[in-house]
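Take a look at the structure below.
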Amino acid sequence: MGTRIIGTGSCLPGTVVTNDDLAKIMDTSDEWISTRTGIRERHLAKEETTAGMSAEAAGRAMENAGVTAQDIDLIIVGTVTADNVTPACACEVQALIGADHAVAFDINAACSGFMFALHIAHAWLQTGVYRTALIIGAETLSKIMDWSDRSTCVLFGDGAGAAVVRADERGGLLAFDQGTDGVRGRVLSCPNRSNNNPLVRTSKELQYVHMDGQEVYKFAVTQVPASLQKTVEAAGLNVGDIDYFALHQANIRILQAVAKRLKVSEEKFPVSLDHCGNISAASVPILLDEMNRQGLLKPGMKVALAGFGGGLTWASAVLEW
Ligand code: UT7
């Protein structure tokens with residue numbers, strides 16, 4: 001039994017913030033941000049919430065898939081910025097869309113969150129326990145950024161992407177790989193939790209995202225092509241057989257470096273980071289939805305997906321559309 005993506009959807013907040021807008025409030029420039037990263041603008045949440053954007057993206061994915069909320073057995077949201085510690089974002093999505101009999105929970109695998117959710121859903125669909133799952137990557141990263149640190153806050157954006165996946169005898173997901181390197185995980189961190197325990201004397205001050213960009217960059221340009229190569233081979237294919245590589249959108253230079261290492265044309269690497277920035281777990285499903293709605297994805301095409309980042313975590317998958 002395989003797992004097939006049968007519908008996609010996405011939702012971005014209404015407010016667009018350009019690099020020039022950021023240059024008005026901090027010491028940065030459009031020139032630095034666009035040449036170092038490829039990012040030109042990002043959407044930032046004002047009234048929008050992680051759960052609200054997730055539900056919107058989910059609704060569009062269900063419509064695209066031709067299923068209703070009553071068909072959904074399982075909802076998994078990959079996020080590091082759920083609106084609450086509890087209830088989970090997935091539980092709020094369940095209530096918002098009316099998926100009455102679905103089981104719902106969140107996972108925290110940072111920028112690999114959607115990919116890990118896809119693999120969890122796949123494992124459960126294989127067993128026959130569930131038939132149809134809604135997997136979502138969603139973030140409001142703007143609320144955990146250090147807006148006085150220009151080396152991180154200019155990189156990230158807010159939004160949500162969703163996919164409906166269904167057990168399918170004809171295949172779909174051909175192979176996947178995933179991994180974690182917790183020893184090096186602190187190169188991208190966000191404590192951001194106050195400790196309310198009266199027995200523990202801790203600072204109430206929240207600490208925001210900190211990233212050693214160059215270490216994460218080195219990790220990405222070695223681990224991602226290695227994982228993709230392994231997954232493509234496990235699917236019985238060569239990298240040349242892959243029609244598109246839909247990767248986590250952190251930096252255009254990472255996409256170019258991965259293309260170079262795999263000896264594949266950069267044209268096979270669609271880009272959304274120019275108008276979205278890095279949206280962690282939401283990057284891959286938003287990109288996939290854009291590709292789907294632009295009509296790039298045709299039945300039978302081979303598509304490779306990859307997420308990588310905080311944790312450190314990485315995951316890749318090869319699927320037949
Ligand atoms: O989603 C999780 C995965 N994340 C990633 O994959 C991120 C991977 N890392 C990267 O994409 C890159 O390392 C960055 C885009 C984060 C940084 O690019 P870089 O080429 O490694 O720049 P850098 O950190 O070495 O900084 C170079 C210079 C520094 O100035 P000096 O020390 O050379 O004078 C920074 O202070 O650029 C300066 N700088 C800025 N200048 C203007 C850093 N941020 C900015 C900024 N505007 N926003």
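Structural remarks
- Pairs of lysines in the chain (C-alpha under 26 Å apart; 8 or more residues apart or interchain): 21
- Amide H within-cut-off set for Asn278, under 5 Å, with H built and near neighbours excluded: Phe156, Gly157
- For the range 165-264, the fraction of alpha-carbon pairs lying more than 20 Å apart is 57 percent, rounded to a whole number.
- A straight chain from Ser148 to Val183 at 0.36 nm per residue would run longer than the Cα-Cα distance by 9.8 nm.
- Estimated [θ] at 222 nm from DSSP helical runs (n ≥ 4, -39500 (n - 2.57)) normalised by residues in the chain, nearest 500: -10000 deg cm²/dmol
- Evaluated at q = 0.28 Å⁻¹, the base-10 log of the normalised Debye intensity for the range 214-278, with identical point scatterers placed on the Cα atoms, takes the values -1.32.
- In this structure, the amide hydrogen of Gly38, modeled 1.01 Å from its nitrogen in the peptide plane, lies closer than 5 angstrom to those of Ile252, counting only residues at least 5 positions away or on a different chain.
- Cα gyration tensor, the range 93-151 - rounded (a/c under 1.5), prolate or oblate: oblate
- Karplus-derived HN-Hα couplings along the range 265-281 (A = 6.51, B = -1.76, C = 1.60, θ = phi - 60°), whole Hz, x at Gly and Pro: 4, 4, 5, 7, 10, x, 10, 10, 5, 4, 10, 10, x, 8, 10, 6, 4
- Alpha-carbon gyration tensor eigenvalues x 5, square-rooted, for the range 2-170, Å: 33, 15, 14
- Of Asn292, Ala226, Thr202, farthest towards positive along the dipole that unit charges on Lys, Arg, Asp, Glu beta carbons give the range 174-320: Thr202
- Under Karplus coefficients 6.51, -1.76 and 1.60, residue-wise ³J(HN,Hα) of the range 169-183 in Hz, glycine/proline x: 5, 8, x, x, 7, 8, 6, 8, 9, 8, x, 9, 10, x, 4
- Sorted peptide list for 234-243, 218-227, 266-275, criterion being average Cβ within 10 angstrom, highest first: 218-227, 266-275, 234-243
- Restricting the calculation to Cα atoms, the chain shows an Rg/Rh of 0.96 when the hydrodynamic-style radius is the Kirkwood one.
- Here the chain is treated with +1 on each Lys and Arg Cβ and -1 on each Asp and Glu Cβ, and its dipole about the Cα centre works out to around 680 debye.
- Radius 10 Å from Cβ of Glu41, net charge of other residues (Lys, Arg +1; Asp, Glu -1): -2
- Using only side-chain charges placed at the Cβ, +1 for Lys and Arg and -1 for Asp and Glu, the dipole size of the range 2-170 relative to its Cα centre rounds to 400 debye.
Bear in mind that the values in this text are calculations on the coordinates, not laboratory data. Here the structure is a predicted model, which is why all the values come from computation and not from measurement. All Cβ positions, even for glycine, are placed from backbone atoms using ideal geometry, and neighbour counts span all protein chains on display.
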